[in-house]
Amino acid sequence: MNQQLPIRIVSKVVRGYGRGSKDLGIPTANVSRDNLTCSIGSFDELPTGIYWGYARIIADGSSDDSGENKNGQENNNKISGREVYTTAVSIGYNPTYNNKEKTVEPHLIAESTHPQRHASSTGETLFGDFYDKKIVLSVVGYLRPELPFEGLEKLTLAIKKDIEDACRLAKEDNATNKEEREWVLLH
């Protein structure tokens, strides 16, 4: 599997089941299978598992890149489209929920000093909705296999550990990390 990494994906964000936000307090930007460009082929060829990487949401004309809202006040829950975020990514069937369709669900992680970094109900990053916006995603490393969990509390704890691991690995100063952050920034 590591020989397939990194995996580079460009797509758009679509509505998922809403469980990341509602059930877990860890929202994800669900990747469209229909509008996907991928370095290893098709959506169905993506290897299942939990990964880490980098992502960027491309702001459209409805977002103000100045970071201010229409009233001139700072708008911290929006993204500018210029920021590359560390991400923990689930690729697969979410066995705790017994999904029948494969999904790609990155959770974008803001820097620890960002006002939205601990804004969700479980203390994770919470931004506004990204629906129909372009997502650029580099899946850099493998964290663990998909696993069924006995209850949402255990699932949430596992995801929080994945987020910690993603943050630690993304901070490593190496050529692959630099190259993939740059690729995400330029696409």
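Taking first residues from region 19-34 that are over 19 Å from Gly53 (Cα atoms) and partners that are in a loop (DSSP other than H, G, I, E, B), the Cβ contacts under 6 Å between residues at least 6 apart in sequence or on separate chains come to Ser21/Pro27; Gly25/Ser120; Gly25/Ser121; Gly25/Thr122. Does Asp132 qualify as being in a loop (DSSP other than H, G, I, E, B) and over 21 Å from Pro27 (Cβ atoms)? The answer is no for Asp132. Determine if region 27-48 includes at least one residue that is open to solvent by 20 Å² or more (accessible area, probe 1.4 Å), in a loop (DSSP other than H, G, I, E, B) and acidic (Asp, Glu). Yes, region 27-48 has at least one match.
Candidates are the residues of region 170-187 that are among the basic types (Lys, Arg) and assigned to a helix (DSSP H, G or I); the one that is nearest to Tyr97 (Cα to Cα) is Arg181. Within region 124-132, is even one residue open to solvent by less than 20 Å² (accessible area, probe 1.4 Å), out of contact with any helix residue (DSSP H, G or I) (no Cβ under 6 Å at 6 or more places or on another chain) and closer than 15 Å to Tyr17 by Cα? Within region 124-132, not a single residue is open to solvent by less than 20 Å² (accessible area, probe 1.4 Å), out of contact with any helix residue (DSSP H, G or I) (no Cβ under 6 Å at 6 or more places or on another chain) and closer than 15 Å to Tyr17 by Cα. Within region 152-169, the presence of a residue that is touching a residue at least 40 places away in the same chain (Cβ under 8 Å), in a loop (DSSP other than H, G, I, E, B) and either over 13 Å from Ser90 (Cα atoms) or of a type in the set (Asp, Glu) (or both) is excluded.
The values are calculated or read from the model by the stated rules, or taken from the named source; none is laboratory data. Keep in mind it's a predicted model, so treat the numbers as computed, not measured. Quick reminder, even Gly has a Cβ in these numbers, built from the backbone with ideal geometry, and neighbours come from all protein chains shown. These accessible areas exclude ligands, DNA and RNA; they are computed on the full protein's heavy atoms, side chains included. Shrake-Rupley method; radii C 1.70, N 1.55, O 1.52, S 1.80 Å.
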